[in-house]
Amino acid sequence: MSHFKEFKIKWGMVIDIDKCTGCGACMVGCQVENNIAPMTKSDPYNYVQALTKPRDDASNKLRTLTWMNVYELSNGMAFPEHETAYLPRPCMQCGNPACVPVCPVVATDKNEEGGIVSQIYPRCIGCRYCMAACPYHARYFNWWDPLWPEGMDKGLSPSTSVRPRGVVEKCNFCHSRYLQAKDKARMDGEDPMNLPDGAYTTACADICPTKAITFGDLNNPEHRVHELAKGPHAFRLLEKLGLHPQVYYVSEREWVRKQGDNYNADAGGHH
Amino acid sequence: MDSKLFPEGAQRCSFGKFLIWTAVILAFFLWGLYAAVLVLYNGIGTTGLDNYFGFGAWITFDLAVIALGAGAFFTGLLKYILKIKQLEKIINLTVVVGFICYSGAMLVLTLDIGQPGRAWFGYWHPNVHSMLTEVIFCITCYCTVLIIEFVPLVLEQKQLNKIPFIHALAHNMHVNMALFAGLGAFLSTFHQGSLGGMYGVLIGRPFAFREGFFIWPWTFFLFVLSAVGSGPVFTVLVATFMEKLTGKKLVDFKTKALMGKIAGTMLTVYMFFKILDTWAWATGYLPSVGLTFDEMFYGMVYGKWLLYTEIVLCGVVPAIMLITPSIRNRPALLYTAAILDCIGVSLNRYIFTVQTIAFPAMPFDQWQVYNPNWVEYASSIMIVAYGFLVLSLVYRYLPLFPQERELN
Amino acid sequence: MEERKASKRCGGVFPFIIGFLATCVLGWAVIPGLFFENEEQPVWFSHAVHVEGQGLDCESCHYFRDDGTYAGFPTNEVCAECHAVDPEEAMEAIAEEGIDPTDYDAIMQAELGAIEDNLASSDDDMLQAEREYVVKYLIQGKEVPWLNYQYQPDNVYFSHASHMALSIEDLAGLKKELSDVVDPSVFEGEAPEQNCNLCHLKDIQANNVPPAFERNILSGYSKTTMKMWQCERCHALKGQPNACYTCHK
Amino acid sequence: MSVARRTFIQLGAGATVGILFTPTVWKALDDVSIWTQNWPWIPTLKYGAIENKPTVSKMCESGCAVKVRTVAGEPFGTMGNEDNPISGGGICPLCANGVQVKNSPNRIKAPMLNGEEITWEKAQEVVAEKLAAAGSKVAVVSGDQTGTANEVFSALLADKGSDAFYVMPCDMQAADKAWTGLMGGTGQIGYDLEGADLVLLAGADALESWGPTVANLKSFAANESGKFIFAGPMQTKTASVTSKWVPVPAEGMAAFTLGIAYYVLQAGKTADTADFGQFKAMVMSEYSPAKVEAATGVKADQMAALAKQLLTASNPVVVPAGPVAAHGAAFALNLLLGGAMKALPEFAKAIPSAMSRSEMLKADILEGVEADLLFVYEANPAYALPEKIKAGFTVAFDMVQTETTATANLVLPSPHPYERFDDLASPYGLAAATYSLGAPVCESSVDASNAATFILGLADLGFESFEEVIGAKTEAIGADMDALQGGEAYVVEGQTPMAASLAANVLGKASVPVKGTGTVGLAPYTLLNVGTANQATTPNAPCTISNNQLIGDHMVVMMGSATAKQLGVTVGAKVKLSGGKGECEALVQIFEGVMPGVVAAPLGLGHTVGDEFSKGKGDNVYKILTVSSEAAAGASTWAGSTVNVAKI
């Protein structure tokens, strides 16, 4: 039932873990671009809230809406051999997504040129089956209605509609930037289906101070990601599960690459 | 005062006593209702669910009751299609229990989805690839079938039945019941399976993923078998529980034993395949994705003991007990086996729902532990209370047990 | 006995038909209307006056920005190019008169030079409309909350740029297929070079008094808001993708 | 009657069937589902022209050069500014949240005198009065390290005959004390992280919080061939990407640096200063690897190896942090190596009577401040320097409520950086003198006024508004206003540093590790997303703060398993840290990247005033830092702080 669809354009990321310091700028940039409300514990407008538990604050990492999430990796050694690394995790936009075929109402689909897995909030009924399906935990649920502190909702980004509670959402490679890039190309009389490198890039890639995140069309030789993804130290998360992520990682540290997949049983992967 | 409504020649407790009994149940029901209102008003954030555990107590509860409710379609199948006469002594009860389980499950589902107002999208914009779509369709359709099967029982109510038209109607429905039983059997088999399929197809979840036959992963068939292997004895347990409460004999033991035998046989078949499946998964699939059997378990909460309890203590053991006549025919042992059986299947549903998503697929990720909060418990208890309520009314006013008179 | 006959006579069908017809009529003729309430535009804007009268062309107010986005409704900045009232001057004048700057009527009554001298309209009604715009919005630095007959919610991303190449002439061939997507009358007569009529009010440039905005009382959408299936129909006919993200955000 | 009933039923049935043959029911169903997609309480979006307006953001200590993204004129996001060398397209997590802070309900809405809202005119009167009364007993505490606003404040002091200008403790200050103070050098020290082929970060958490962080990160990324090494008590985020981490206790950093200098001198390197011989003798005798190893625990061969790498490198640089001695030692080493350390010329002043930057950095706030009238400019001493400041009357300028504004007599709201004119002159650490300017990108949402403009109204300094001062500044440095407003920076290359001396005798004494008496060493660390001394965490940042810093409302401290065993604590244990004059509560986390005998605690948590994102979250580590005076260097430092850890 997992039907593999190939696209002429394949938007993807190559994330250089050796350049990521886990500063968190990408996560903040993402939340701002995509109108993710700050996590507030109390809801001044909802009196019934008092009868049950308060909303969650940001330190409850199982209730956040972090489309882009930075994981801390450890090589598990004791002092002084200990090493750490940081791994930013957007949605993998899998070539063979686990989340798409399970959605009962076609609220998520991988059917558009570019291979970005869509997520349509007005269609989603909030069954959370897709979250159970995604091994990367890239999908998030709106446990509460979005709530901006007084006055903060006047500075909303025009690029993403605000989601009500009860629907699932996830990283979409800042998709409306893609739409905008195509419109720009149309205005300039260029081919919207053959955007130059950098014409369309995501908020996280934009903001990253070390430019650890490179974004582009994996199929287009003119785009840097095309080569980077083929590099000797490039790898993807959980390749053995066969989801074919469109997000690649690069690290010269072997222990880091080893943590990209499970190698504990004999039958090895391809590293 | 309401004795005129009682089934023909049946003794029932005084109205006052009955009121007190229902009051107690209602208390529980209202508590759950309160929780449900909180969920609908504030959102699902009020539960113990989170981004790692999108599925939890509710889904487990749904799957468990649906499995246990399977007594209805399977017994129906045997009685109406395979014409096993003896089963008519308990068929009414299986229908009622089935109805309660399914309607209850659907109530919980409306709480469980984040946008209840869009529940009908399942029909309007169905995704044919999704096992859940199949579930949505089959469960709702089968629930209607159960209602149709339930109606004649209501029509046979002493006073109603005096009206000639209704009498005729009830009779006609009985005649055609085989059709519905068949339809129900078909629908039910499918969604029992789809429920299993839901987990089997999760390519991203090594704990649950299974190869399979055509579009159906093995879990599809395992869930069907486990359902029919436990449903019938659950009905037996319900009947027995009612006997204990009312102090009357309602179903003769011969029928119960027969139900035990039926369930036992199916359970044995199930266990055979379940063990085979587990073995293949542990030694074949897991290594192929670089994982080991041991990695699938974590501490006490998600320890191996769960799996062993499910398969051995609550699987193999009751299976043997139920297929061995000498054991099966001893009431105490039959009931013990039945209880183990039901625990086993519920445990199975829990493990597939929760442990599947508790296992961190990404090596740098951690196991998370899920514990439901009172909201989830309360709303589930509401459904149980609802079940008690329906059953009490049915027992008091409808001819639920054809044998009741002769046995007392 | 009596009863039986009674029911036999009319066979139980008569009242049934009555009821059936009654609700049919209601359901088609009356109820649909109840779903909508009419709203007037915040100020009277006459396209006729601006287009025919002042000889403006569409692009002077509705144009593409360099980044490919489309400036639908003009901002005060654009309007002020002609309606050259200096907000600061006006506000000072208001302050001098000692009028509360939010008391619009008072300001309009006062007929302040700072405002009046820069009004262009000829006849009184128009003058009043222009004055209203200047006082309520321009000098207040507030944009006019125009009501969009083609309103789409935030979750829809509509690209004018990708539709600008559509020509009514070419689409005329699909007239039949598009009958319930596009108002058929659009295809009649000489096709204008601009394709706005396809979705927007027909020949709005000649309109003098804009029609009322019909708001759906449940969804808040405009009566003329295009539904998803309509977008999909045309996309399908034109061989365009109907992927979710083609139009959603 | 029965007829009526039956007729009625039939009528009803007919009606029901009838309605189903009309659009009514289906339309209603459809509209309801559309309603669930547009709940009235879910905010809707604003549309219009999208612009990226360049300006500067001063929420992080060094400041970021940003472009503010606006839709129909309303700011909604912040992005980097490729055209500006201090950004290169990137920004820090704090400034990334600039717009949200601008719109925060925590903004100060209007001037407040002892909690009473007053007009700006009244505020002017009050301060003028106090100023007249205070005479020369006026002081200024500035949280701004790079702004020309400091010139205005210092000019006011000069006008009043006071030199009590204080900055919040920072590495720029320690560096200046060491460079211009001890070694008689000129200019501001900078480090060419992009050009260097070997960078030894001697305590400088350069890729997380030290110096011009974003510029550092940019240089690190651009410097493909260069090798970065981090030395410090814990494996900071910087250490997670450097090729090596050398565990060195903070108080031992100076000795460690001289230990390396030992080998460098041995290799025959010299520096052209009067006291070179003296310096060499000092190092050779008192900082022999053996001695250093004994004092700091850093293996001699480790220092040897590092020295070797530094010597073989063609353009190495050592980047210090912490006490003055550590800076002095590093500068000396850099002079010996003659690598990528630079001396930046200072930009000309806009106000002649103002202090030079070096003069502004002289006064030591850690020794305490006393004044009749105190101006606090966008600094939060009440939080970061408990009990250090005493003033008869405090005037606090800030955009949001802080511990300082809560205790100040007069609180004056500053415009948010996006709402005002401001500038960034050579953030400390850059390899070139860099001047960036910010003009307002939107109107102020509160009744705020630029602090410097307010000050200009108090004394005749030759300017009416801060905008004029900025104009004069650009003129003075010879930059092009339009280019600056367009987001470009005005850059003057740094020169080779020249020192009069290596401060041999001072360094000799000051570099000896001094440690507190607590059971374990304390390694305080700064993460920008957690906040700085002056800026608390921002609305969206808490999602990025890991459970290694904060769990619920509890601060988390990290230590190696060995230390945990020594203290008899386990993961999740609740402990009380006591040191300095205060105590902190925290939960224990095991992190093998912390030196044995050291506990790492995050600075910037535990605010008692502020919005829901910072208030009451964790505990304030500044309370437990011990100030020890570097007698020889005539300065004070937090390095060498220790704490006692008790389970609770």
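The values are calculated or read from the model by the stated rules, or taken from the named source; none is laboratory data. Since this is a predicted model, take the numbers as computed values, not measurements. Note: ideal-geometry Cβ built from the backbone for every residue, glycine included; neighbour counts use all protein chains shown.
A few remarks follow.
- Remark: A:A133 matches the filter, which requires a residue to be free of Cβ contacts under 8 Å to residues at least 60 places away in the same chain and under 23 Å from B:I113 (Cα atoms).
- Residue list for the stretch D:56-88, restricted to those being at the interface with chain A (Cβ under 10 Å from one of its Cβ atoms), touching a residue at least 60 places away in the same chain (Cβ under 8 Å) and within 19 Å of A:A212 (Cβ to Cβ): D:C64, D:G80, D:S87, D:G88
- If the condition is being touching an Asp or Glu at 6+ places or on another chain (Cβ under 9 Å) and within 18 Å of C:N76 (Cα to Cα), then the stretch C:87-114 contributes C:Y104, C:A114.
- Among the residues of this structure, D:G98 counts as one that is of a type outside the set (A, V, I, L, M, F, W, C), within 14 Å of another protein chain (Cβ to nearest Cβ) and in contact with a Phe, Trp or Tyr (Cβ under 7 Å, 6 or more places away or on another chain).
- Within the stretch B:112-135, residues that are within 18 Å of D:W39 (Cβ to Cβ) reach partners that are hydroxyl-bearing (S, T, Y) with beta carbons closer than 7 Å, at six or more positions or on different chains, in the pairs B:Q115/D:T36; B:P116/B:T110; B:G117/D:S33; B:G117/D:T36; B:R118/D:S33; B:R118/D:T36; B:A119/B:T110.
- Every residue from the stretch C:81-127 that is of a type outside the set (D, E), out of contact with any Leu (no Cβ under 8 Å at 6 or more places or on another chain), surrounded by 15 or more Cβ atoms within 10 Å (Cβ to Cβ) and assigned to a helix (DSSP H, G or I): C:M91, C:Y104, C:A106, C:I107, C:M108, C:A110, C:A114, C:I115, C:M126
- Qualifying positions in the stretch D:265-300 - hydrophobic (A, V, I, L, M, F, W, C), under 33 Å from the mean Cα position of the chain (by Cα) and in a helix (DSSP H, G or I): D:V292, D:A295
- Subset tally (residues that are farther than 22 Å from D:G618 by Cα, more than 19 Å from the chain's Cα centre (by Cα) and part of a loop (DSSP other than H, G, I, E, B)) for the stretch A:47-81: 9
- Residues located in the stretch A:82-98, provided they are within 26 Å of D:C543 (Cβ to Cβ), outside any strand (DSSP E or B) and more than 8 Å from every other protein chain (Cβ to nearest Cβ): A:P90, A:C91, A:M92, A:Q93, A:C94, A:P97
- Considering residues of the stretch A:110-136 that are more than 7 Å from every other protein chain (Cβ to nearest Cβ) and not in a loop (DSSP other than H, G, I, E, B) only, the residue farthest from D:W35 (Cα to Cα): A:G114
- There is at least one residue in the stretch A:169-179 that is within 14 Å of chain B (Cβ to nearest Cβ) and either surrounded by fewer than 23 Cβ atoms within 10 Å (Cβ to Cβ) or within 27 Å of B:I136 (Cα to Cα) (or both).
- The single condition among (1) at positive phi; (2) within 14 Å of another protein chain (Cβ to nearest Cβ) that B:F293 does not meet is (1).
- Test: residue in the stretch D:627-634 that is surrounded by fewer than 24 Cβ atoms within 10 Å (Cβ to Cβ), part of a loop (DSSP other than H, G, I, E, B) and modelled with pLDDT of 95 or more: no
Matching residues to (1) away from chain A (no Cβ under 13 Å); (2) over 30 Å from B:F401 (Cα atoms); (3) modelled with pLDDT under 95; (4) in a helix (DSSP H, G or I):
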{"site": "B:K4", "(1), (2), (3), (4)": "yes, no, yes, yes"}
{"site": "B:E8", "(1), (2), (3), (4)": "yes, no, yes, no"}
{"site": "B:I20", "(1), (2), (3), (4)": "yes, no, no, yes"}
{"site": "B:W58", "(1), (2), (3), (4)": "no, yes, no, yes"}
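- In the stretch C:35-64, residue nearest to D:G48 (Cα to Cα) [restricted to those that are within 14 Å of chain D (Cβ to nearest Cβ) and either polar (S, T, N, Q) or in contact (Cβ under 8 Å) with a residue 40 or more places away in the chain (or both)]: C:F64
- Qualifying residues in the stretch A:25-36 (those that are facing chain D (nearest Cβ under 7 Å) and more than 14 Å from the chain's Cα centre (by Cα)) - the one farthest from D:N97 (Cα to Cα): A:A25
- Any hit, the stretch D:542-557, residues being within 13 Å of another protein chain (Cβ to nearest Cβ), more than 30 Å from D:P105 (Cβ to Cβ) and touching a residue at least 40 places away in the same chain (Cβ under 8 Å): no
- Of all the numbered requirements in (1) within 16 Å of A:N142 (Cβ to Cβ); (2) more than 9 Å from every other protein chain (Cβ to nearest Cβ), A:F7 misses one, and that requirement is (1).
- Hey, B:A378 assigned to a loop (DSSP other than H, G, I, E, B), buried (at least 17 other Cβ atoms within 10 Å of the Cβ) and touching a residue at least 60 places away in the same chain (Cβ under 8 Å) or not: no
A quick yes/no check of all residues on (1) of a type outside the set (A, V, I, L, M, F, W, C); (2) buried (at least 21 other Cβ atoms within 10 Å of the Cβ); (3) touching a Phe, Trp or Tyr at 6+ places or on another chain (Cβ under 9 Å); (4) farther than 19 Å from D:A431 by Cα:
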site	(1), (2), (3), (4)
D:A313	no, no, no, no
D:V319	no, yes, yes, no
D:L333	no, yes, no, no
D:A340	no, yes, yes, no
D:I351	no, yes, yes, yes
D:A354	no, yes, yes, yes
D:E367	yes, no, no, yes
D:N380	yes, yes, no, yes
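- Selection count, the stretch D:15-47, where residues are under 27 Å from A:Y121 (Cβ atoms) and among the hydrophobic types (A, V, I, L, M, F, W, C): 11
- Here the helices (runs of 4 or more DSSP H) wholly within the stretch B:91-166 that include at least 2 residues being surrounded by 20 or more Cβ atoms within 10 Å (Cβ to Cβ) are B:121-124, B:131-155.
A quick yes/no check of all residues on (1) surrounded by fewer than 16 Cβ atoms within 10 Å (Cβ to Cβ); (2) not in a loop (DSSP other than H, G, I, E, B):
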position: B:L291; (1), (2): no, no
position: B:E295; (1), (2): no, yes
position: B:M300; (1), (2): yes, no
position: B:L306; (1), (2): no, yes
position: B:L313; (1), (2): yes, yes
position: B:P318; (1), (2): no, yes
position: B:L322; (1), (2): no, yes
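- When the stretch B:204-254 is filtered for residues that are under 18 Å from the mean Cα position of the chain (by Cα), without any contact (Cβ under 8 Å) to a residue 60 or more places away in the chain and within 17 Å of B:G387 (Cα to Cα), only B:F241 remains.
- Selection within the stretch D:207-254 - in a helix (DSSP H, G or I) and either of a type in the set (K, R) or more than 16 Å from the chain's Cα centre (by Cα) (or both): D:K218, D:S219, D:F220, D:A221, D:A222, D:A239, D:S240, D:A250, D:E251, D:G252, D:M253, D:A254
- Residue check, A:E252 within 10 Å of another protein chain (Cβ to nearest Cβ), at pLDDT 95 or above and surrounded by fewer than 21 Cβ atoms within 10 Å (Cβ to Cβ): yes
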